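*Asks:* Here's a structure for you.
Here, each number is a calculation from the coordinates, and none is a lab measurement. What you are looking at is a predicted structure, and each value in this text was computed from that prediction instead of being measured. All Cβ positions, even for glycine, are placed from backbone atoms using ideal geometry, and neighbour counts span all protein chains on display.
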Amino acid sequence: MGLQELTVRNFRLFEELVFIPDPYEVTVLLSPNGSGKTSVLEAVGALATGGSFRTPSASDLIRRGTDLAEVHGVLTQKERRVAIDLTVSRGERATTKRMLVNGLRPTSRAAVAEVLPLTVFTPEGIDIVRHGAENRRAYLTTLLTDVDLTSGDIIERFARVLTQRNALLRSVQGTVPTRTQRDELDVWSHDLAREGGRLVTQRETMVQELKPLVAAFYEELAHDGQATEVRYERSWTGDLETALRSVVADDWRRGYTSVGPHRDDLVLTLGGRDARRQASQGEQRTLALALRLAGHHLVQRERDVNPLLLLDDVFSELDPLRADRLLHLLPRGQTLVTTASPLPSGMQPAVVVDVTRSS
């Protein structure tokens, strides 16, 4: 499978751009900083996720002075041709997004992951190690959807129940709940425990599959002999429904659900040290890369597909030895790389594109 063609209109700084990468090998976008290289990868990522890996604000994607951005991609999946369209519209009150896959609105994130699984690493990718747990939960959610397409339903059901439970808690915050409200919360707690248990089971199973892969990729990149540990950490002990009942008074007071999969974490250690607080920036970056490569490999193994790999200015962030090792670890399949610097000596891309000459 591979992306055959990308067309953007009024996206970021581009009025119009047509980008044709090699569908099977490495394509390098080699252009000066500020020319829009990362925006091309951002547009590809938006086709796969409906959002941006750079900003949570959809309006940032729309070219200044316009109100509508369009992204169109054509790709092949084995013998199947797939067209994905994304439009981002700025209205008076809100910015809206609309996605179509072969002319039909996808019913879930999994419907898009089925046709365009994606692995992204950017200079900010180090945040998965050094910043808060929400970064690691987002990594698990995206990867789980890419690895197991059926998991999307479980993720969405849990999110809906959590939203409903939190809405009830917020509506009562600062007052005493009525008997009816307490009974309603019991129902939501039961549903949350059921859906949360299913989600955590899938997460923990996947983390067990990830652990040896992360350790192997980290050692291949770092060659420093440090033991790497990846461990799923629940925010509660024992039965989830029991745990929810034990903190119910705090939840009423705070106005949100304080335990559950949405509060869990992925604990990362290097040589027995907490990678978030005690590892160097170089070690953190290497571990973040190992996590992405491990996830990419897991999708390949479980689904027999090659996810599209996006590497945004990654080689300039690594020392020459680790850059060379990464080069030799690049998985098979289509890869898009951006850089403003000369390419590593061992890189032999199928296509080199200067986006300043492509718009």
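*Asks:* Net charge near residue 73: determine it from the other residues with C-beta under 12 Å of the C-beta of residue 73, scoring Lys and Arg +1 and Asp and Glu -1.
*Replies:* Working: positive: 81; negative: 5, 70, 85.
Every neighbour counted, the sum reads -2.
*Asks:* Could I ask something else about it? With Cβ to Cβ distances under 14 Å as the rule, what net charge do the other residues near residue 131 carry (K, R +1; D, E -1)? Mind showing how you got there, number by number?
*Replies:* Numbers: positive: 130, 136, 137, 276, 277, 285; negative: 124, 127, 134, 265, 274.
Summing Lys and Arg as +1 and Asp and Glu as -1 gives +1.
*Asks:* Given Cα pairs under 8 Å that are at least 6 residues apart, what percent is the relative contact order of the chain? Each step should come with its number before you reach the end.
*Replies:* Values: 633 pairs, mean separation 93.2, N = 359.
Computed over the chain, the figure is 26 percent.
*Asks:* Let me ask something additional. Sorting check: for 234-240, 90-96, which peptide has the highest mean count of neighbouring beta carbons within 10 Å, and how do the rest follow? Kindly include the intermediate steps, with their values, before the conclusion.
*Replies:* Details: 234-240: 15.3, 90-96: 10.3.
Ranking, from highest mean packing down: 234-240, 90-96.
*Asks:* Under a point spin-label approximation (7 Å from Cα along Cα-to-Cβ), what is the residue 254-residue 183 distance to one decimal in nm?
*Replies:* It is 2.8 nm.
*Asks:* Between residue 111 and residue 176, what FRET efficiency follows from the Cβ-Cβ distance if R0 is 45 Å, with the result rounded to 0.05? Write out the running numbers ahead of the final one.
*Replies:* On the way: r = 44 Å, r/R0 = 0.98.
It comes out at approximately 0.55.
*Asks:* Determine ³J(HN,Hα), in whole Hz, for all residues of region 261-269 in sequence, where each value follows from phi through the Karplus function 6.51 cos²θ - 1.76 cosθ + 1.60 and θ = phi - 60°; x replaces Gly and Pro.
*Replies:* x, 6, 10, 6, 9, 10, 8, 10, 10
*Asks:* Further question on the same structure: Quick query: amide H of residue 352 versus all other amide H atoms, modeled in the peptide plane; which residues come in under 5 Å with a sequence gap of 5 or more or a different chain?
*Replies:* 28
*Asks:* How charged is the neighbourhood of residue 176? Take every other residue with its Cβ under 11 Å from the Cβ of residue 176, and add Lys/Arg as +1 and Asp/Glu as -1. Mind dumping the intermediate values first?
*Replies:* Values: positive: 179, 182, 253; negative: none.
Summing Lys/Arg as +1 and Asp/Glu as -1 gives +3.
*Asks:* Could you give me the percent of Cα pairs per 5 Å distance bin for region 83-162, shortest bin first, beginning at zero and ending with the bin that holds the maximum distance?
*Replies:* Per 5 Å bin, starting at zero, the Cα-Cα P(r) for region 83-162 comes out as 3, 12, 18, 17, 21, 20, 9, 1, 0 percent.
*Asks:* Okay, moving on. Just order 125-134, 98-107 by mean Cβ neighbour count inside 10 Å, highest at the front, would you?
*Replies:* On the way: 125-134: 17.1, 98-107: 12.8.
Top of the packing list down: 125-134, 98-107.
*Asks:* Which residue fluctuates the most in the chain, going by a Gaussian network model with Cα springs under 10 Å, if the choices are 174, 255, 196?
*Replies:* Among 174, 255, 196, the largest GNM mean-square fluctuation belongs to 174.
*Asks:* So what are the ³J(HN,Hα) numbers for region 234-246, from phi and the Karplus equation (6.51, -1.76, 1.60; θ = phi - 60°), rounded to whole Hz, Gly and Pro as x?
*Replies:* 6, 8, 8, 10, x, 7, 5, 5, 5, 5, 5, 5, 6
*Asks:* Work the Kirkwood hydrodynamic radius out for the chain: mean of 1/r over every pair of different alpha-carbon atoms, inverted, in Å. Mind dumping the intermediate values first?
*Replies:* Numbers: mean 1/r = 0.0456 Å⁻¹.
Answer for the chain: a Kirkwood hydrodynamic radius of 21.9 Å.
*Asks:* Another question about this same structure. Tell me, what ³J(HN,Hα) does each residue in region 329-345 have, in order and in whole Hz, if you take phi through Karplus 6.51 cos²θ - 1.76 cosθ + 1.60 with θ = phi - 60° and put x for Gly and Pro?
*Replies:* 9, 4, x, 5, x, 6, 9, 10, 10, 10, 6, 9, 9, x, 5, x, 4
*Asks:* Would you kindly state how much longer the chain becomes between residue 233 and residue 167 on full extension, computed as 0.36 nm times their sequence separation minus their alpha carbon distance, in nm to one decimal? Write down the numbers at each step before the final one.
*Replies:* Working: separation 66, 0.36 × 66 = 23.76 nm, distance 2.59 nm.
Gain on stretching residue 233 to residue 167: 21.2 nm.
*Asks:* Here's another thing I want to ask about it. Measuring from label point to label point, each 7 Å out along Cα→Cβ, what is the residue 64 to residue 77 span in nm?
*Replies:* Rounded to a tenth, the inter-label distance reads 3.8 nm.
*Asks:* For the pair residue 350 and residue 211, how long in nm is the line joining their label points, each one 7 Å along Cα→Cβ?
*Replies:* Each label point is offset 7 Å from its Cα along the Cβ direction, giving 3.7 nm.
*Asks:* Nearest 0.05, what FRET efficiency do residue 303 and residue 93 give at R0 = 51 Å with Cβ-Cβ as r? Walk me through the numbers before you get to the answer.
*Replies:* Values: r = 40 Å, r/R0 = 0.78.
Efficiency, rounded to the nearest 0.05: 0.80.
*Asks:* Would you give the gap between the C-alpha center of region 208-226 and the C-alpha center of region 52-78, rounded to a whole Å?
*Replies:* 35
*Asks:* Please arrange 274, 146 by counting, for each residue, the other beta carbons lying within 10 Å of its beta carbon, fewest first. Could the numbers behind the result be given before it?
*Replies:* Details: 274 11, 146 27.
Ordered by Cβ neighbours within 10 Å, fewest first: 274, 146.
*Asks:* Pop out the Kirkwood hydrodynamic radius of region 118-304 from its pairwise C-alpha distances, inverse of mean 1/r, in Å to one decimal. Can you show the working numbers first?
*Replies:* On the way: mean 1/r = 0.0562 Å⁻¹.
It is 17.8 Å.
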